[in-house]
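Note sheet for the following structure.
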Amino acid sequence: MSLSTQIALKTNDKFQFFCNYISNKIKSAWSHIKKSDSWQLAGIITAVALLCFATTYIQNMFTIPLGGDFVLQMIPFQFKGYDDWHTFFRTGVFPTWDSSGIFGFSNIGGNSYYYLFDPWFLIMLIFPRSWLPQLQGIGTIVKMVTGGVLFYHYLGCFKISISTRKIGAVCYAFCGWTFYYLWFHFINITAVLPLLFWGIENVIQKKKPTMLIGSLILLCLINYYFFICFCFGSVFYAVFRVLQEVKKNKARETFKIIGMGIACFGIAILTVSICLLPSILNTLSMPRVSSSQSFIDMIKAAKGFSAKLKVLFTWESTPYKALYPLNSFLVIPLGCFSQSLFSTKGYDNTASSLYVMAPMILMLVPSVLDSIKQKKYSHLIGFVAVTIMLFTPFTYYLMFAFVKEYGRWEIMPVMWMLVFFCIHFDRHRQMPRWYMDASALFTAFLYLILITLSNKYTSSKDYSWALNPWNSDQKLAIVLQCVWVFICYVIMRMGLKKRELNTTLLYMICLEAVVIGNVTVRYQGTSRFQDLSGGISNVNEETRLVKELNKYDNSTFRIYNSSADRGSPNLSLREGYNGIAAFHSVYAYQTQDFIDWSRISYTYGNWSMGVHEKRYNLETFMGVKYYLLKKTSGTDIQNVPYGYTNILEKEDCPEELKRLLNNGNHELYVNDNYIDLGFAYDNIVSSSYLSRTTYADFNESKYLKYGIVEKDDIDEINNASEDIKAVVPTDTSEIFSARTNDLNYVDYTIYRANYDDNGYIIAEDPNHELTDEEKKQPNPNQYGIYRGDTKLEYNSTNAKELPIWSKIVVDFKNGNTVCSAAETRGGCYVSVDFKFGYNVDFAFFDAEGNKITNDMHMWNGYDKTSDWKYARGFYVDRPVSRIVATTRDNIISGFVFDKFSTYYQYNDVYQANIDKLKANALEDVSYNTDANISFKTNYESDKFVVTNVAYDEGWSIKRREVGSNKPYEDVKIYKGQGGFNAFIAEKGNYEYSMVYKTPGLDISKGFTLIGAFTYYVIFACYYSIRLQEKLYENPIFNLKSQKVKRKKRNLRQ
């Protein structure tokens, strides 16, 4: 046999051996999985979860795009986090300032609540960016499985049988709380929370600290705000459990447990300081925290002892909230925004869900009776204490540091209830059947109370401001719920003495979980993932355009994107650019004045906001450099501010960008009037001249003409520089009224659209026979008016509830026009004062009937009632003789299409302001990162410079003369333009450094290092001791027998 043949045979034997080895390992693992109760449970939860989400997985490409915040925030946020971490991996510098939002904010302080350090999110960083929505959707099941399996092991601490633990685990994995908050990211918490209480049990029962420390660290990294809540709740739980076990332990052991527990919390808090401290400091600056009356203030304000008790223990002004725990315990959640029998007119933070499946509801009375029978009075004390906690406002405030009465803490009572029920359900074969009869009667009594009182409150006029009356779905839900509970009662009573009851109930609970999951998804509603933000093809095209644009222009800028409407305010995060819309509960709070002056938020005080109205004074200051617009179709004309040029006309436009634009559905315009970073002014005005009650354009006309400062800073700036003058603003004299709300100046005519029985518009008037000349005319005409429209005189009755495609035509009398000098003054900016929430297209026509421009600016599919935006911007190059407003949506019930005001400003005024600012622009602007910016100035006189970087305590500005070796000196930062970093730039040639450092980050780094090192030492020591013990007991190493032999030998000697 040749050598090569021998080698081949040996190689083949080795390969065969390897294959057999792998095969045996797989078989062994599979055999272990089949026998493992944990793996069996994981399979059950996975199967149930798949049945819960199968419909949305199939319809939405394995995503769960629930309506509301999940679509608006949870999906796009992960893209921003992905980009930030990959920037860190690529450059070694972590982005501490998030500039992608509308103004920018602290990345750590703002995003650690959502995702920044969350291990569930960090796992996704190893996958391609495009997979994120699917990973998020599939991850929901993974988190349910994790939570269920961990809760199963937590129940093991109480010596509960395996079959009962499986029931409890499924109940926890699919509890009402999980589904009630499915629209947000709180399922990340439920997946890990059992580890916290398992860790506490490890400290109490086994004196093992590592799991408790690790669980606290994990929970804080996932969500620091819940971490505070869980610290309160877990301390309450730990004290109760220590007292329960006090008779079993010696005093020394009890104090050891208490000391170990305190040390665990201390070490964990130190370790997560890098996340916790900056986040808390940022939270304290939130308007809804700093401006709201705290619970402690309410107690102080109450006069007399009885009044203070009322504040502590009653929902005095909203008594229906006292029924929330009962409702959420007895009835499954219908959707995620309000409780099943209390449909609120606004989102109520107090509402939550305590639902733990019908069989567990029926275990309430038997558990109490069994506790009495066994004389386990501590169980009763715990039950009473938790009940009091659930029904009093004090706990809801306490759990979230007395700021808001959040019901989100109720996930902990859910766990405690399940432990209580499972401990006693494990003894169901020893229980008499009358326990179940008593339970049925008591549960029926609770339902009767709930139905009676909830119907009373929801039908009462006294609470109509907060509650909606019951609808047919709510009535059906309560009937079906009662029927299902009765079925469970019958089955549980019949099988109470049988071992098989556990298996039967497990199947029933799984069935109920599937129903709850599908009901929640159905009632909450899902958006079609393929259609979000204009559809996948639109998002992909815009993402490619942004990528190529960033290659072409590597500076920092903002993009106006017509796709980023109110339904997609965070689209910029998904596509990878800095936008001018955002929906984020954390934003640059110091810019609130600016937000109010320009009405940037969609409703007053809201943190959902966007700039869509195309007002150039506002956008230029904000740093908008590019317009990304959908190509127009039909007779529509692009409404683009003056100073913008189609990028295809630029000689240096890259070929790939040209190819994408020529072959795609978008147009890209570049702002030739763009000014980078800062604006230098000779004159300043007091912020008192601006107001949120003033029409936005009158405020914004000052943005590019004056430095706007706090009233208290005027004198200080004047004293610091003789060159900078405080003046009285005169800009409003350059804005003119078109008097479109004056019927002596204009005529209003209504053309009401008509529709046939099939919903199609009636184009021709059936009562009018067309002449030959009329047949030649287009229908609709150039104004969009059909011959089948009904022409009506304008009045409040005729202008009420106009259907889609109706027209309001405004004609100027006596040859008057808007912007009569537009052709000689470089064009004209026109602002229409009409409520922005309504989907109305405004078109402008000249005297010959030619369309000049038109725009709807944004599609708004939300409730328009509270919208406070009005000013819609347009750009015309010749006088306007007619304005046509076309409804693109049915005007809501009761709304009258009222006369609107119109204002205008000539473009040469804007251009003069821009040219002056350009002449004094900052030089050599360099964004080392978004948190580290350098630039130079070289002025002949002092200037007041306002940057478009949001004011924050973490920013500092330093300067020195160019070419000098002297150290940088601090420059005082003022709040300019209603919330932006501003400073006095002295005359001369200076270089500046503007750097952001997250408040609290430096000191928290030290705490984190101390905590992490301590945890490592404890972990290493503990497991090294455990390893030694295992080696000592292991017969393979024979250490124990050798020690015995040495002892005997020593004795003989």
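Applying the set (1) within 27 Å of the chain's Cα centre (by Cα); (2) modelled with pLDDT of 95 or more to F226 leaves exactly one unmet item: (2). Note on region 267-321: residues that are hydroxyl-bearing (S, T, Y), surrounded by 15 or more Cβ atoms within 10 Å (Cβ to Cβ), assigned to a helix (DSSP H, G or I) and modelled with pLDDT under 85 amount to 1. Of the helices (runs of 4 or more DSSP H) lying entirely inside region 89-176, those carrying at least 2 residues that are buried (at least 24 other Cβ atoms within 10 Å of the Cβ) are 107-111, 132-155, 162-173. Taken over region 485-511, residues that are in a loop (DSSP other than H, G, I, E, B) and either in contact with an Asp or Glu (Cβ under 6 Å, 6 or more places away or on another chain) or not charged (D, E, K, R) (or both) amount to 2. Pairing residues of region 23-49 that are within 30 Å of V515 (Cα to Cα) with residues that are assigned to a helix (DSSP H, G or I) and among the charged types (D, E, K, R), at Cβ distances under 6 Å and at least 6 apart in sequence or on separate chains, gives L41/K166.
Restricting attention to region 877-919, and to residues there that are outside any helix (DSSP H, G or I) and among the acidic types (D, E), which single residue is farthest from C828 (Cα to Cα)? Spell out how you get there, then give the answer.
Here is the first cut: in region 877-919, the ones outside any helix (DSSP H, G or I) are 877-906.
If we keep only those that are among the acidic types (D, E) too, we end up with 877, 889, 898.
Working: D877: 6, D889: 29, D898: 25 Å.
Among those residues, the one meeting the criterion is D889.
Condition check: acidic (D, E), in a loop (DSSP other than H, G, I, E, B) and in contact with a strand residue (DSSP E or B) (Cβ under 9 Å, 6 or more places away or on another chain). Does D723 satisfy that? Considered against the rule, which asks whether it is acidic (D, E), in a loop (DSSP other than H, G, I, E, B) and in contact with a strand residue (DSSP E or B) (Cβ under 9 Å, 6 or more places away or on another chain), D723 comes out as yes. Tallying residues that are under 34 Å from the mean Cα position of the chain (by Cα) and either small (G, A, S) or modelled with pLDDT of 95 or more (or both) within region 863-885 yields 5.
Among the residues of region 727-741, write down those that are part of a loop (DSSP other than H, G, I, E, B) and touching a strand residue (DSSP E or B) at 6+ places or on another chain (Cβ under 9 Å). Steps first, please.
So in region 727-741, the residues part of a loop (DSSP other than H, G, I, E, B) come out as 727-730, 735, 738-741.
Answer for region 727-741, where residues must be part of a loop (DSSP other than H, G, I, E, B) and touching a strand residue (DSSP E or B) at 6+ places or on another chain (Cβ under 9 Å): V727, V728, P729, I735, A738, R739, T740, N741.
Mind listing whichever residues of region 744-776 are in contact with a helix residue (DSSP H, G or I) (Cβ under 9 Å, 6 or more places away or on another chain) and either within 30 Å of D942 (Cα to Cα) or part of a loop (DSSP other than H, G, I, E, B) (or both)? Residues satisfying the conditions are N744, Y745, H768. Here K864 meets each of (1) closer than 17 Å to R739 by Cα; (2) free of Cβ contacts under 8 Å to residues at least 40 places away in the same chain with one exception, condition (1). Taken together, the criteria place I141 among residues that are among the hydrophobic types (A, V, I, L, M, F, W, C) and either touching a strand residue (DSSP E or B) at 6+ places or on another chain (Cβ under 8 Å) or more than 21 Å from S215 (Cβ to Cβ) (or both).
Annotation: Q592 fulfils all but one of (1) outside any loop (DSSP other than H, G, I, E, B); (2) at pLDDT 95 or above; the unmet one is (2). Once region 884-943 is narrowed to residues that are touching a strand residue (DSSP E or B) at 6+ places or on another chain (Cβ under 8 Å) and basic (K, R), the residue that is surrounded by the most Cβ atoms within 10 Å (Cβ to Cβ) is K943.
Only one entry in S338, S367, S371 is touching a strand residue (DSSP E or B) at 6+ places or on another chain (Cβ under 9 Å), surrounded by 15 or more Cβ atoms within 10 Å (Cβ to Cβ) and without any contact (Cβ under 8 Å) to a residue 60 or more places away in the chain, namely S338.
Restricting to region 322-341, what's the tally of residues that are part of a loop (DSSP other than H, G, I, E, B) and closer than 13 Å to I478 by Cα? Reasoning before the result, please.
Going through region 322-341, the residues part of a loop (DSSP other than H, G, I, E, B) turn out to be 331-341.
Now narrow it down to the ones that are closer than 13 Å to I478 by Cα: 331-334, 339-341.
Residues in region 322-341 being part of a loop (DSSP other than H, G, I, E, B) and closer than 13 Å to I478 by Cα: 7 in total.
Does any residue of region 854-862 turn out to be closer than 25 Å to T603 by Cα, among the aromatic types (F, W, Y) and modelled with pLDDT under 95? Checked region 854-862: at least one residue is closer than 25 Å to T603 by Cα, among the aromatic types (F, W, Y) and modelled with pLDDT under 95. Once region 749-795 is narrowed to residues that are among the aromatic types (F, W, Y) and under 19 Å from R888 (Cβ atoms), the residue that is farthest from the chain's Cα centre (by Cα) is Y786.
Taking the criterion of being over 29 Å from S163 (Cα atoms) and in contact with an Asp or Glu (Cβ under 6 Å, 6 or more places away or on another chain), would at least one residue in region 396-411 satisfy it? Step through it out loud before you land on a result.
Quick first cut of region 396-411, residues over 29 Å from S163 (Cα atoms) only: 396-408.
Now drop any that are not in contact with an Asp or Glu (Cβ under 6 Å, 6 or more places away or on another chain), which leaves 396-397.
Yes, the conditions are met somewhere in region 396-411.
Of the residues making up region 995-1017, those that are surrounded by 17 or more Cβ atoms within 10 Å (Cβ to Cβ) and either in contact with a His (Cβ under 8 Å, 6 or more places away or on another chain) or aliphatic (A, V, I, L, M) (or both) are V995, L1001, A1012. Scan region 196-207 and tell me whether some residue there is touching a Lys or Arg at 6+ places or on another chain (Cβ under 8 Å) and of a type in the set (K, R). The answer is yes; a qualifying residue exists.
Among the residues of region 841-848, are any assigned to a loop (DSSP other than H, G, I, E, B) and touching a Phe, Trp or Tyr at 6+ places or on another chain (Cβ under 7 Å)? Don't jump to the end; show me each part of the working.
Filtering region 841-848 down to residues assigned to a loop (DSSP other than H, G, I, E, B) leaves 846-848.
From the residues that got through so far, the ones that are touching a Phe, Trp or Tyr at 6+ places or on another chain (Cβ under 7 Å) too are none.
Scanning region 841-848, I find no residue that is assigned to a loop (DSSP other than H, G, I, E, B) and touching a Phe, Trp or Tyr at 6+ places or on another chain (Cβ under 7 Å), so the answer is no.
Answer yes or no: is there a residue in region 669-677 that is surrounded by 17 or more Cβ atoms within 10 Å (Cβ to Cβ), at pLDDT 95 or above and hydroxyl-bearing (S, T, Y). Scanning region 669-677, I find at least one residue that is surrounded by 17 or more Cβ atoms within 10 Å (Cβ to Cβ), at pLDDT 95 or above and hydroxyl-bearing (S, T, Y), so the answer is yes.
The values are calculated or read from the model by the stated rules, or taken from the named source; none is laboratory data. Only a predicted model underlies this, so the values are computations on that prediction, with no experimental measurement involved. Reconstructed Cβ throughout: ideal geometry from the backbone, glycine too, with neighbour counts over all protein chains shown.
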